[in-house]
Amino acid sequence: MTSVVEEHKKGTENAYRFALITISTSRYQKYGSVSSPADAEDFSGEKMIECVEKEGNDVVGYSLVPDDMDLIQNAVKKYLDSADVIVTSGGTGLASSDVTIEALAPLFKKSLPGFGELFRYKSIDQIGSAVILTRAAAGILEGTVIFCLPGSPKAVELAMDEIILPEAGHIMRHLPD
């Protein structure tokens with residue numbers, strides 16, 4: 001007997017194109033613009049690539065940008081034509097330099113508040129009540145789903161393995177043509 005979840009996800013097993021963006025002023029100042037997370041000792045970026053590729057999806061681009069609203073927006077816009085899914089890592093905390101959400105949320109045509117809620121719920125086992133410090137978010141822009149994750153490798157792995165990759169096809173199926 002097919003479950004409701006299985007029925008809902010039927011036909012969503014395709015491979016998807018992912019663009020990955022790390023947002024870190026300190027890494028950017030040290031390494032500049034790089035084409036690979038390995039070139040910037042970006043463990044979260046490496047974890048994103050590992051997670052995406054182990055599920056048979058394609059990485060169509062990687063960028064490292066500083067915590068700057070215009071540069072974050074430009075990095076995302078650069079991948080809108082080539083990626084189905086864009087994942088950012090970094091800049092979701094409370095520091096004054098954490099501007100990822102301020103840069104991207106206003107661009108969303110639709111937001112996915114359930115992502116941030118579920119991410120925080122699943123993070124409780126890892127970091128306890130400190131989950132209230134993350135503003136992880138997701139939304140849709142021009143037919144591309146965008147996920148904004150914290151910068152920690154454990155947070156990236158949790159979000160990718162337990163939420164983003166299992167739901168990518170389901171989300172893509174519901175996006176307008």
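Just to be sure I understand, how many residues within segment 156-177 are part of a helix (DSSP H, G or I) and over 27 Å from Pro37 (Cα atoms)?
Restricting attention to segment 156-177, the residues satisfying the condition of being part of a helix (DSSP H, G or I) are 156-174.
Next, from what is left, pick out any that are over 27 Å from Pro37 (Cα atoms): 170, 173-174.
Count: 3.
Take the conditions farther than 27 Å from Ile127 by Cα and either more than 14 Å from the chain's Cα centre (by Cα) or at pLDDT below 95 (or both) and apply them to Asp98. Does it pass? No. Per the conditions (1) within 19 Å of Ala19 (Cβ to Cβ); (2) part of a helix (DSSP H, G or I); (3) over 12 Å from the mean Cα position of the chain (by Cα); (4) of a type outside the set (Lys, Arg), the sole criterion not satisfied by Leu104 is (3).
Do you know which residues across segment 80-95 are among the hydroxyl-bearing types (Ser, Thr, Tyr) and under 13 Å from the mean Cα position of the chain (by Cα)?
Passing the criteria: Thr88, Ser89, Thr92.
Val156 fulfils the conditions (1) modelled with pLDDT of 95 or more; (2) within 18 Å of Asn57 (Cβ to Cβ); (3) surrounded by fewer than 21 Cβ atoms within 10 Å (Cβ to Cβ) except for a single criterion, (3). Here are some residues: Leu64, Leu94. Which one is under 18 Å from Leu149 (Cβ atoms), in contact with a helix residue (DSSP H, G or I) (Cβ under 7 Å, 6 or more places away or on another chain) and buried (at least 16 other Cβ atoms within 10 Å of the Cβ)? The match here is Leu64. Suppose the filter is over 14 Å from the mean Cα position of the chain (by Cα), in a helix (DSSP H, G or I) and charged (D, E, K, R); does Asp125 pass it? Yes, satisfied. The residues of segment 122-177 that are touching a residue at least 12 places away in the same chain (Cβ under 8 Å), closer than 22 Å to Ser97 by Cβ and not small (Gly, Ala, Ser), listed by number, are Ile132, Leu133, Thr134, Arg135, Ile146, Phe147, Cys148, Leu149, Pro150, Pro153, Lys154, Val156. Checking each residue in segment 34-59 for being among the β-branched types (Val, Ile, Thr) and either in contact with a Ser or Thr (Cβ under 7 Å, 6 or more places away or on another chain) or part of a helix (DSSP H, G or I) (or both) picks out Ile49, Val52.
The values are calculated or read from the model by the stated rules, or taken from the named source; none is laboratory data. Since this is a predicted model, take the numbers as computed values, not measurements. As a convention, Cβ positions derive from the backbone with ideal geometry for all residues, glycine included, and neighbour counts pool all protein chains shown.
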